[in-house]
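Structure first, commentary second.
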Amino acid sequence: MKGIPDEKVDLIVTDPPFAINFKAKKANYNRTASRVLSGYNEIKVEDYYDFTNAWMHEAYRILKKSGSMYVFSGWNNLKDILTALDDNGFTTINHIIWKYQFGVYTKRKFVSSHYHLLFLSKTKNYFFNKIDNYPLDVWDINRTYSPNELKNGTKLPHSLVMKCIDYSSKPGDLILDPFMGNGTTAVASKSSYRHYLGFELNKSMKKIIDNNLNQVDIGSSY
């Protein structure tokens, strides 16, 4: 990210590591372990604030003044994300809840079936395309499960990422995902006439990302 010039990105949509000792191949995540690629990079809990602060510092620098950012998070280390956002000058516009249809089985607590989605801006003059008259801050969007699909440990629904892109960018804008995973943000960007840029440390994901991008036509979501 340090190689990107200042104020060049219109929108950031990203699902960073959660620092929860995530076991991507566990069967209770409704996936076939042999179809989940190894190499997922987790962050130690004690390092999570420093990690988050470092990438958010760069995110703030490269966002345009009219730009915004969506950050997915579980609840476990949400406090570090919120603190880093404040420390780097971001303004929280909405704290969105993404409600999905399935959570991991638990015995002694309620099943988690949602993620936090923080909608953030750099200035008060951020772009927002108000598609609906009363857009709600609870998004009920089902996960998509493909047990036999070769993939990274986690994968966001295409429709979920598209909602972020549709509300907060225009065709021709540049969308960034610093943690590409399966490349869902890039795929959604390509399918909606946006330019895309992203990074992924897990080198085994390159073929998956390339394949996912090759399967979608420019503007196909429109």
Mind checking which residues of segment 51-106 are open to solvent by less than 60 Å² (accessible area, probe 1.4 Å) and in a loop (DSSP other than H, G, I, E, B)?
-> G74, N77, N88, G89, F90, Y100, G103, V104, T106
Collect the residues in segment 36-77 that are at pLDDT below 95, of a type in the set (A, V, I, L, M, F, W, C) and touching a Leu at 6+ places or on another chain (Cβ under 9 Å), keeping them in residue-number order.
-> V36, L37
Being closer than 24 Å to K2 by Cα, buried (at least 19 other Cβ atoms within 10 Å of the Cβ) and at pLDDT below 95 is the filter here, so list the residues in segment 184-208 that pass it.
-> E200, M205
So, first residue on the phi < 0 side of the Ramachandran plot in segment 50-71, second residue open to solvent by 50 Å² or more (accessible area, probe 1.4 Å) and of a type in the set (D, E), Cβ within less than 7 Å, six or more apart or across chains; the pairs are N53/D87; R61/D6; I62/D6; I62/E7; L63/E7; K64/E7; K65/E7
Among the residues of segment 117-146, which ones are within 16 Å of the chain's Cα centre (by Cα) and β-branched (V, I, T)?
-> I141, T144
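The values are calculated or read from the model by the stated rules, or taken from the named source; none is laboratory data. All values derive from a computational prediction rather than experimental measurement. Cβ sites come from the backbone with ideal geometry, for glycine too, and all protein chains shown count toward neighbours. Each accessible area value is taken on the protein alone, full model and side chains, heavy atoms only, with ligands, DNA and RNA left out. Shrake-Rupley method; radii C 1.70, N 1.55, O 1.52, S 1.80 Å.
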